[in-house]
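Reviewing the structure listed below.
The values are calculated or read from the model by the stated rules, or taken from the named source; none is laboratory data. Because the structure is a prediction, the values reported are computed rather than measured. Ideal geometry is used to build each Cβ from the backbone, glycine not excepted, and the neighbour counts take in all protein chains shown.
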Amino acid sequence: MTPDFEAQLRSVSLRVTRPRLAVLKALHDHPHVDTETVISLVRVEHPTVSHQAVYDVLRALTDTGLVRRIQPAGVTARYESRVGDNHHHVVCRSCGTIADVDCAVGHSPCLTASDDRGYAVDEAEVVFWGTCPDCSADHTAEDQPAGRT
Ligand SMILES: [Zn+2]
Ligand SMILES: [Zn+2]
């Protein structure tokens, strides 16, 4: 089901513009993509939208919480429109693919710090690192002795 992107924009008092709708749709269809990918996805339907316009839209959407920016260490920033459910991510060390992992306990902050040092903790940002199924499969294939049929 496609969410009502116009209603989402209005709910955070953002003007409804074509680039904003296009970015929300791109992120809905393709979660966890980087800025360059968002630009090319938007340009499929709106070839005249500039890089700068997409950067500006991403910043506005991130600032208002409609879009979440994820930046695991050593990986370019990715964006997604699945927000507000405190889910986590698993990242492939090999190809950088990111997948969603549901929150361990279903509500934030998900993990209770053993010692919160007096901070009021409201969120735990958890990144699981590993090898995605595609990369694991590649690896298995490479391990096969050469020349087998
Ligand atoms: Zn991978
Ligand atoms: Zn996600």
Discussion item. Testing Arg93 on (1) surrounded by 12 or more Cβ atoms within 10 Å (Cβ to Cβ); (2) over 24 Å from Val127 (Cβ atoms), one condition comes back false. Which one is that?
Written reply: (2)
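Rundown of residues vs (1) touching a residue at least 24 places away in the same chain (Cβ under 8 Å); (2) out of contact with any helix residue (DSSP H, G or I) (no Cβ under 8 Å at 6 or more places or on another chain); (3) in the same structural domain as Leu111 (by TED's automatic domain parsing); (4) of a type in the set (Ser, Thr, Tyr), yes/no style:
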residue: Arg43; (1), (2), (3), (4): no, yes, no, no
residue: Pro47; (1), (2), (3), (4): no, yes, no, no
residue: Val57; (1), (2), (3), (4): yes, no, no, no
residue: Thr62; (1), (2), (3), (4): no, yes, no, yes
residue: Gly65; (1), (2), (3), (4): yes, yes, no, no
residue: Thr76; (1), (2), (3), (4): yes, no, no, yes
Item to complete: For the stretch 109-131, name all the residues that are out of contact with any Asp or Glu (no Cβ under 9 Å at 6 or more places or on another chain), of a type outside the set (Asp, Glu) and within 21 Å of Arg69 (Cα to Cα).
Response: Leu111, Val121, Ala124, Val126, Val127, Phe128, Trp129, Gly130
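Yes/no matrix, rows are residues, columns are (1) farther than 23 Å from Cys135 by Cα; (2) crowded, with 17+ Cβ neighbours inside 10 Å:
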{"position": "Thr2", "(1), (2)": "yes, no"}
{"position": "Arg15", "(1), (2)": "yes, no"}
{"position": "Leu24", "(1), (2)": "yes, yes"}
{"position": "Leu58", "(1), (2)": "yes, yes"}
{"position": "His87", "(1), (2)": "yes, no"}
{"position": "Asp100", "(1), (2)": "no, no"}
Worksheet item: Mind checking which pairs have a first residue in the stretch 96-123 that is on the phi > 0 side of the Ramachandran plot and free of Cβ contacts under 8 Å to residues at least 24 places away in the same chain and a second that is in a loop (DSSP other than H, G, I, E, B) and hydroxyl-bearing (Ser, Thr, Tyr), Cβ under 9 Å, 6 or more apart or different chains?
Response: Gly96/Thr76
